[in-house]
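To keep things clear, I will list the structure first and then write my remarks on it.
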Amino acid sequence: RYGNVGAGYQWVKRRILRNLDSVSDLSDSPTGIYISRRHADERQVVNESDVMNMLADYGFKLYELEELSFSNQVRLFRQADAVVAPHGAGLINAIYGTNLSILELFGDYINGCYYTMAESLGFNYGCLTCESIGSSMRVDVNRLEELLNQVL
């Protein structure tokens, strides 16, 4: 459907993995990851603690990608089965995953680039439009949980 887009992602993935010293597992890494944007200028989740309380019941753990080295970001996404994240650059790391489920959160800014990526790589994808609060968003935790159950 997307021509050679998936092949391009696979090429980047192979190239990066080949050039990393080692892509061993992170010992404490869960298979469900939530990517926080709490230190970003926009697209923060204002009720992130409520979101994490629900996601923790599904075994998700919160990560701030700016706190991880590039190689650890690759390792994290390679081990993940599911990623929940507000739209942002950190989601590009999903190209390192295998059989990944992605649930993307949007406020008033919607961009389909990660949908295209997920589809071209054969990943499960879902998105949730959230209440916009300035440049941030409030997630309806009940709707998120419903969608999470559909995507997983």
Would you please name the chymotrypsin sites (Phe, Trp or Tyr not before Pro) within the stretch 64-128 that are DSSP coil residues with at most 15 other C-beta atoms within 10 Å of their C-beta? Tyr109
First compute the accessible area of the chain with a 1.4 Å probe, then give the percent of it belonging to carbon and sulfur atoms. 44 percent
For the chain, what does the accessible surface come to per residue with a 1.4 Å probe? Please give it in Å². 51 Å²
I want to check the label-to-label distance for Asn142 and Glu42. Put each point 7 Å from Cα in the C-beta direction and report it in nm to one decimal. 3.1 nm
Computed helical MRE - 222 nm, the chain, DSSP H runs ≥ 4 contributing -39500 (n - 2.57), nearest 500: -10500 deg cm²/dmol
A correct Kirkwood calculation over the Cα atoms of the chain returns a hydrodynamic radius in Å of 15.7 Å
Would you tell me the accessible area of Thr31, worked out with a 1.4 angstrom probe on the heavy atoms of the protein chains, in Å² to the nearest 10? 70 Å²
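The values are calculated or read from the model by the stated rules, or taken from the named source; none is laboratory data. On a predicted model such as this, the values are computed, not experimentally measured, just so you know. As a convention, Cβ positions derive from the backbone with ideal geometry for all residues, glycine included, and neighbour counts pool all protein chains shown. Accessible surface is based on the protein model in full, side chains and every heavy atom, while ligands, DNA and RNA are left aside. Shrake-Rupley method; radii C 1.70, N 1.55, O 1.52, S 1.80 Å.
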